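Participant: Structure in structure tokens, see below.
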Amino acid sequence: MYFRKSIIAITGLFLCLFLIVHLSANSILVLPQEVARGLYNSYSTTLRESPFIKIVAYILYLSIVLHVIYALVVTVNNRKAKRKGYAVNRFRENSSWTSQNMGLLGITVLLFIVVHLANFWARIKLGLGEGVGLDSEGHVDVYKVTYSLFQNSYYVLFYSLLMIPLGLHLYHGLKSAFMTLGFYHKKGLRILAKVSLIYAGIMALGFGIIPIIVFFK
Amino acid sequence: MKVIFKIWRQENTNTKGNFQSYEVDELTEDMSFLEALDHLNEVLVTKNEKTIAYEYDCREGICGQCGVFINGRAHGPHDNMTTCQLHMRSFRDGETIVVEPWRASAFPIVKDLVVDRSSFDNIIEQGAYISAKTGTAPEANSILVRKEIVDKAMDAAACIGCGACVATCKNSSAALFTSAKINHLNSLPQGKQEASKRVLEMTKQMELEGFGSCTFTGACEVECPEGISIINIAEMNARRTKAKWIG
């Protein structure tokens with residue numbers, strides 16, 4: 001139980017760190033068209049060619065897989081611990097909806113990740129589907145892939161709306177990961193709760209608003 | 001005052017239970033919840049029907065026997081309270097009150113609202129004590145302990161083992177109970193000698209008993225009659241990691 005929960009916490013925290021880097025890179029997209037294209041494409045080329053990033057990418061894939069598998073195992077175990085629920089359960093009076101539904105939120109985020117990987121990772125890294133051209137500087141035109149995807153209002157809606165469950169998952173996940181790993185400083189935990197809220201807010205808002213900005217560019 | 005009790009009836013662990021409704025009249029707002037159940041049982045006796053099984057002992061909020069799930073909350077609608085301290089004035093006249101036993105695989109139902117909490121005893125047996133012979137009570141100042149440590153240990157020691165934490169937890173986790181017992185003794189000088197063994201064996205037993213894992217929903221600390229904080233669980237996790245890797 002401890003080992004499993006610790007794996008979920010450690011991989012979760014790594015994914016939290018990854019999201020900061022991801023959002024920083026995404027913020028390039030709000031710049032004026034041509035500046036954004038140049039910067040975004042050269043940035044993604046640098047990432048793809050770096051051996052260090054290659055290792056980090058594998059750690060990232062492994063983190064997602066482990067986070068999901070162990071969450072599933074723990075959830076199955078938890079269900080066994082409470083085979084029958086209550087006819088009436090007013091859990092909203094003693095805890096947040098978010099904390100009670102991390103599994104549901106997680107599955108929603110996972111669905112998002114699958115679509116997101118199919119949209120970008122599969123096309124750019126695996127070369128599946130429609131081919132990706134080069135920009136004027138000879139870099140793979142990742143910007144065009146992003147830009148054209150977010151001309152479709154359904155994708156904009158999907159990408160923006162699903163940042164709500166992501167934000168909620170991060171808000172509870174970040175603070176409880178620290179507690180799972182044994183952080184029990186009273187004042188520190190109060191600060192951590194605020195940090196989690198701010199972090200989750202920035203992530204959800206940041207990732208959610210960029211597709212809308214790109215759509216209206 | 002009149003209420004409708006919708007109560008879980010189950011003959012024994014192996015039979016299937018179901019809800020039965022009882023309209024109970026002649027109650028007063030000043031009656032405790034248990035007195036209202038007593039009254040219902042008296043009525044059932046006069047009708048020659050089977051009485052409802054529920055547990056209680058002290059009826060003053062310190063023994064932890066009277067745990068039941070009332071209208072979707074452990075120990076009823078108020079935070080940090082035992083069932084015996086709940087009064088009928090907390091309900092509306094004519095209200096339907098749903099009463100269920102604690103639900104957890106580690107707490108099998110014995111009969112009606114009574115569950116078997118032996119799994120808690122099994123955890124206790126793995127180290128919620130010190131094995132040194134202490135003799136008679138020593139002079140209080142012979143072992144000096146810092147005030148904030150005493151306070152922390154006593155806050156954890158307040159746990160009465162009622163099981164509300166397990167009952168309310170969506171995973172039926174016993175983390176709050178176990179952490180309270182561990183932190184109580186591991187904080188104090190008398191408990192230090194067996195600190196590592198205690199935390200490792202008690203947490204291991206907690207898993208063996210079939211309790212779920214802690215997700216930090218915080219529901220337990222709201223329902224705990226003693227208001228024991230979930231920070232205890234984080235501290236137990238830290239103690240466990242230290243015991244496991246450092247010793």
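Participant: Averaged per residue, what accessible area in Å² does chain A show with a 1.4 Å probe, protein chains only?
Facilitator: Averaged over the residues of chain A, the accessible area is 56 Å².
Participant: Let me ask something else about it. What accessible area, in Å² to the nearest ten, does a 1.4 Å probe give for B:ASP30?
Facilitator: The accessible area comes out at roughly 110 Å².
Participant: I need the phi-derived Karplus couplings for region A:148-160: 6.51 cos²θ - 1.76 cosθ + 1.60, θ = phi - 60°, integer Hz, Gly and Pro marked x.
Facilitator: Karplus-based 3J(HN,Hα) across region A:148-160 equals 5, 4, 8, 8, 8, 5, 5, 5, 4, 4, 4, 5, 6 Hz.
Participant: Here's another thing I want to ask about it. With a ≥ b ≥ c the root eigenvalues of the C-alpha gyration tensor of the protein assembly as shown, is it rounded (a/c under 1.5), prolate (a/b larger than b/c) or oblate? Mind showing how you got there, number by number?
Facilitator: Values: a/c = 2.79, a/b = 1.75, b/c = 1.60.
Prolate, since a/c reaches 1.5 and a/b exceeds b/c.
Participant: When the accessible area of chain B is computed with all protein chains present and a 1.4 Å probe, what percentage of it is carbon and sulfur?
Facilitator: Of the solvent-accessible surface of chain B, carbon and sulfur hold 49 percent.
Participant: Which trypsin sites (Lys or Arg not before Pro) from region B:29-135 combine a DSSP loop assignment with at most 15 other Cβ atoms within 10 Å?
Facilitator: Working: sites: B:LYS47, B:LYS50, B:ARG59, B:ARG73, B:ARG89, B:ARG92, B:ARG103, B:LYS111, B:ARG117, B:LYS133; in loops: B:LYS47, B:LYS50, B:ARG59, B:ARG92, B:ARG103, B:ARG117, B:LYS133.
Taking region B:29-135 and a limit of 15 other Cβ atoms within 10 Å, the loop trypsin sites (Lys or Arg not before Pro) found are B:LYS47, B:LYS50, B:ARG92, B:LYS133.
Participant: Next up: Using helices alone, I'd like the mean residue ellipticity at 222 nm for the protein assembly as shown: each DSSP H run of four-plus residues gives -39500 (n - 2.57), total over residue count, nearest 500.
Facilitator: -17000 deg cm²/dmol
Participant: Turning to a different aspect of this structure: Using alpha-carbon positions, what is the distance between the centroids of region B:169-201 and region A:66-112, in Å?
Facilitator: So the separation of the two Cα centres works out to 25 Å.
Participant: What residues in region B:56-91 lose 30 Å² or more of accessible surface when the other protein chains are added to their chain alone (1.4 Å probe)?
Facilitator: Listed in order, they are B:PHE69, B:ASN71, B:GLY72, B:ARG73.
Participant: Moving on to the next point. Give me, ordered by chain and number, the residues 5 or more places off B:VAL3 or on other chains with an amide H under 5 Å from its own placed amide H.
Facilitator: Amide H neighbours of B:VAL3, under 5 Å, 5+ apart: B:VAL24, B:GLY94.
Participant: Express as a percent, rounded to the nearest 5, the fraction of DSSP beta bridges in the protein assembly as shown (both residues included) that run antiparallel.
Facilitator: Numbers: 15 of 20 bridges.
Approximately 75 percent, going by the DSSP bridge assignments.
Participant: Taking Cα atoms, how many degrees apart are the long axis of helix B:175-187 and the longest axis of chain B, rounded to 10 and kept between 0 and 90?
Facilitator: Between helix and principal axis, roughly 40 degrees.
Participant: Using R₀ = 41 Å, calculate the FRET efficiency as 1/(1 + (r/R₀)^6) where r is the Cβ-Cβ separation of B:ASP38 and B:MET154; round to 0.05.
Facilitator: After rounding to 0.05, the efficiency reads 0.75.
Participant: Mind giving me the nanometre distance, one decimal, between the label points for B:ASP57 and A:LEU181, set 7 Å out from Cα along Cα→Cβ?
Facilitator: 4.1 nm
Participant: For region A:122-176, which trypsin sites (Lys or Arg not before Pro) are both in a DSSP coil and crowded by at most 16 other Cβ atoms within 10 Å?
Facilitator: A:LYS125
Participant: Hey, another quick one. Suppose we flag GluC sites (Glu not before Pro) only when DSSP calls them loop and at most 13 other Cβ atoms lie within 10 Å. Which is the longest uninterrupted stretch of chain A?
Facilitator: By the stated rule (loop sites, at most 13 other Cβ atoms within 10 Å), A:1-129.
Participant: Going by alpha carbons, how many degrees (0 to 90, nearest 10) lie between the helix axis of A:102-116 and the longest principal axis of chain A?
Facilitator: The angle comes out at about 10 degrees.
Participant: Filter the trypsin sites (Lys or Arg not before Pro) in region B:142-231 to those in DSSP coil with at most 11 other Cβ atoms within 10 Å of their Cβ, and list the result.
Facilitator: B:ARG146
Participant: Let me ask something else about it. Provide the buried accessible surface between chains A and B in square angstrom, both chains summed, 1.4 Å probe, rounded to the nearest 100.
Facilitator: Buried surface at the A/B interface: approximately 3200 Å².
The values are calculated or read from the model by the stated rules, or taken from the named source; none is laboratory data. Fair warning: this is a prediction, and the values are worked out from it, not measured in the lab. Here the Cβ is made from the backbone with ideal geometry for all residues, glycine too, and neighbour counts use every protein chain on show. Note: accessible area is taken over every heavy atom of the protein model, side chains too, but ligands, DNA and RNA are not part of it. Shrake-Rupley method; radii C 1.70, N 1.55, O 1.52, S 1.80 Å.
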